[in-house]
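Contents: one structure, followed by commentary.
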Amino acid sequence: MAQTLILNASTEPLTFVPVKRALILVLKEKAEVVETHVSKRIRTEKRDYPYPLVIRLVKYVEIPRRFRSMVSNAVLFARDHYTCQYCGRHKSELKRKERLTREHVKPVSKGGTDTWDNVTTACSTCNHKKGDKLPYEVRMYPKATPFEPRYIALILLSDQMDEKQRPYIEPFIKTAMQTG
Ligand SMILES: [Zn+2]
C-alpha cells in the first residue's frame, strides 16, 4: 500500500508516513491534501475519505539537526543507489547469502565515527573483506565520497513511490545530489 508523502509548508518533501497517520493530520487541520489516489478510498467506521498521496503541512517545521544527521540504512543505501561502493554490484546482483551493509570507511575501532561522511554502502562480502582496516591498508576505496544527504526524501530512490508523488520529490533530489 502506498504511503503518504508529507511536504513541509515550503513544499520541501519531508518523509513518508502511513496513510492513516496522514489522514489524522488532515482531519486535525495540521495539513492539507495535495494529491489523492485516483480510485482508492480510506474507510473508517463512520465514513470514507479520499486516499491522500501527498499532503502539505500548514505550518513550517524545522527539522531538528539530530534527525537530519542520524544515519539510517534506508537512506544510506538510497544515497548510494543500492550499490556496493567497493565492488560496484547493485543489490539485485548480490548472491543469496549476501546483503547490503553499512560500512565505516575509517573503522570505528580506529576512531571512525558513525556519521554520514564516514559511512558507505558495502555488500557483506566486501565489508567482511575490508574488516577493520583503513582503505589504504587493503586498497579498498569507496567509489563515491560519502556525504550527508540534504533531504530525508532521498529515500524516494526506493521503489515504493507512487507516480503522483514523484514530481514533488524529484526537483529536490537533483539539488541534493548536486550539493552533495
Ligand atoms: Zn561488494
Original post:
Percent of accessible area on region 8-64 owned by carbon and sulfur, 1.4 Å probe?
Top reply: 52 percent
Subject >> Cα-based reach from Lys30 at 20 Å (exclusive), listing aspartates and glutamates while leaving out same-chain residues under 8 positions away >> reply: Glu12, Asp48, Glu62
**OP:** Pull up all non-local amide H partners of Arg89: gap of 5 or more, or a different chain, and H-to-H distance under 5 Å with H placed in the peptide plane.
**Re:** Cys84
**OP:** Output the peptides 43-55, 121-133 sorted from most to least packed, where packing is the average of other Cβ atoms within 10 Å over each peptide's residues.
**Re:** 121-133, 43-55
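Kindly provide the chymotrypsin sites (Phe, Trp or Tyr not before Pro) of region 21-97 that DSSP labels as loop, not H, G, I, E or B, and whose Cβ sees at most 12 other Cβ atoms within 10 Å. List each step's numbers first, then the result.
Working: sites: Tyr60, Phe67, Phe77, Tyr82, Tyr86; in loops: Tyr60, Tyr82, Tyr86.
Sites meeting the loop and neighbour criteria: Tyr60.
For region 71-138, with all protein chains present and a 1.4 Å probe, just round the carbon and sulfur fraction of the accessible area to a whole percent.
Working: 1940 of 3680 Å².
The value for region 71-138 is 53 percent carbon and sulfur by accessible area.
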Original post:
Dipole of region 71-138, Cα-centred, from +1 at each Lys and Arg C-beta and -1 at each Asp and Glu C-beta, to the nearest 20 debye?
Top reply: 300 debye
Original post:
Where only protein heavy atoms count, and the probe is 1.4 Å, what is the accessible area per residue for region 71-138 in Å²?
Top reply: 54 Å²
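From the cross-link list Lys59/Lys164; Lys95/Lys133; Lys91/Lys129, which pairs have alpha carbons spaced over 21 Å apart? It would help to have the intermediate numbers written out before the result.
Values: Lys59/Lys164 23 Å; Lys95/Lys133 24 Å; Lys91/Lys129 18 Å.
Listed pairs above 21 Å: Lys59/Lys164; Lys95/Lys133.
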**OP:** Report, by chain and number, residues whose modeled amide H sits under 5 Å from the one on Val34, excluding near sequence neighbours (fewer than 5 apart, same chain).
**Re:** Val54, Ile55, Arg56
**OP:** Using the charge dipole of region 71-138 (Lys, Arg: +1 at Cβ; Asp, Glu: -1 at Cβ; taken about the Cα centre), state which of Gly131, Leu76, Val108 has its Cα farthest towards the positive end.
**Re:** Gly131
Subject >> Whether region 71-138 is rounded, prolate or oblate, judged on the alpha carbon gyration tensor where a/c under 1.5 counts as rounded >> reply: oblate
**OP:** Tell me which residues come under 5 Å, amide H to amide H, from Leu14 once H is placed; ignore anything under 5 positions away on its chain.
**Re:** Ile6, Leu7, Asn8
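The values are calculated or read from the model by the stated rules, or taken from the named source; none is laboratory data. Computed from a predicted model, the values in this text were never measured in an experiment. Methodologically, a virtual Cβ is constructed for each residue, glycine included, from the backbone with ideal geometry; neighbour enumeration extends over all protein chains shown. All accessible areas refer to the heavy atoms of the entire protein, side chains included, with ligands and DNA or RNA removed. Shrake-Rupley method; radii C 1.70, N 1.55, O 1.52, S 1.80 Å.
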